[in-house]
């Protein structure tokens, strides 16, 4: 049986978290904990796989019922959240779960244990080697307006200023080096 773990990955849009999630799923048996969101799907995204796409009313009902481990509303008005029961059930079954959430969500989880075993919780903040690289990655990614891209780039330094709130900071420059650093970090944590 796997050692249960909840690994929180945070970082600015375009920093490469999706690539790191894929590595962890393929090489260490992690499962992505699918978040709930009020935004519409991007091209290629599937409901229940990438996100659970719900109405504003349904999201609000989840909040009112206290069903979220963490949730946030962003400047664009879109809301995201992680269902508590999904995470706790997964950990109780010995799963290794991944959350790709922002600094607000990370702080909420750290502040309130929500029945989580503290030893199963681990977090890493992913940063780009520099802002020029981040801008290039966001441009290549596409799917957002110029205004949204500029807003995300303006938010990046504010998010990075909170990186010391995480257990680890990972610099995603060279993918090969990043892969090795990520796997070493996880293996070290799984041994403790």
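So is residue 177 surrounded by fewer than 17 Cβ atoms within 10 Å (Cβ to Cβ), without any contact (Cβ under 8 Å) to a residue 12 or more places away in the chain and farther than 27 Å from residue 39 by Cα or not?
Spelling it out, residue 177 is indeed surrounded by fewer than 17 Cβ atoms within 10 Å (Cβ to Cβ), without any contact (Cβ under 8 Å) to a residue 12 or more places away in the chain and farther than 27 Å from residue 39 by Cα.
Mind counting the residues in segment 29-85 that are under 15 Å from residue 99 (Cβ atoms) and crowded, with 16+ Cβ neighbours inside 10 Å?
20
So which residues in segment 140-167 are at pLDDT 90 or above and either in a strand (DSSP E or B) or within 26 Å of residue 45 (Cα to Cα) (or both), if there are any at all?
Listed by number, the list holds a single entry, 159.
Yes/no per residue for (1) at pLDDT 90 or above; (2) farther than 25 Å from residue 82 by Cβ; (3) more than 15 Å from the chain's Cα centre (by Cα); (4) not in a helix (DSSP H, G or I):
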site	(1), (2), (3), (4)
116	no, no, yes, yes
135	no, yes, yes, no
138	no, no, yes, no
169	yes, no, no, yes
177	yes, yes, yes, no
189	no, no, yes, no
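Can you find, within segment 180-192, the residue that is surrounded by the most Cβ atoms within 10 Å (Cβ to Cβ) among those that are within 19 Å of residue 16 (Cβ to Cβ) and free of Cβ contacts under 8 Å to residues at least 60 places away in the same chain?
By that ranking, first place goes to 181.
I'd like to know if segment 146-168 contains one or more residues that are closer than 20 Å to residue 99 by Cα, surrounded by 15 or more Cβ atoms within 10 Å (Cβ to Cβ), touching a helix residue (DSSP H, G or I) at 6+ places or on another chain (Cβ under 6 Å) and without any contact (Cβ under 8 Å) to a residue 60 or more places away in the chain.
Scanning segment 146-168 turns up at least one residue that is closer than 20 Å to residue 99 by Cα, surrounded by 15 or more Cβ atoms within 10 Å (Cβ to Cβ), touching a helix residue (DSSP H, G or I) at 6+ places or on another chain (Cβ under 6 Å) and without any contact (Cβ under 8 Å) to a residue 60 or more places away in the chain.
Quick check: is even one residue across segment 102-125 crowded, with 16+ Cβ neighbours inside 10 Å and closer than 13 Å to residue 14 by Cβ?
no
The values are calculated or read from the model by the stated rules, or taken from the named source; none is laboratory data. What you see is a predicted model, and the numbers here were worked out from it, not measured in a lab. Because the Cβ atoms are built from the backbone with ideal geometry, glycine has one as well, and the counts that use them run over all protein chains shown.
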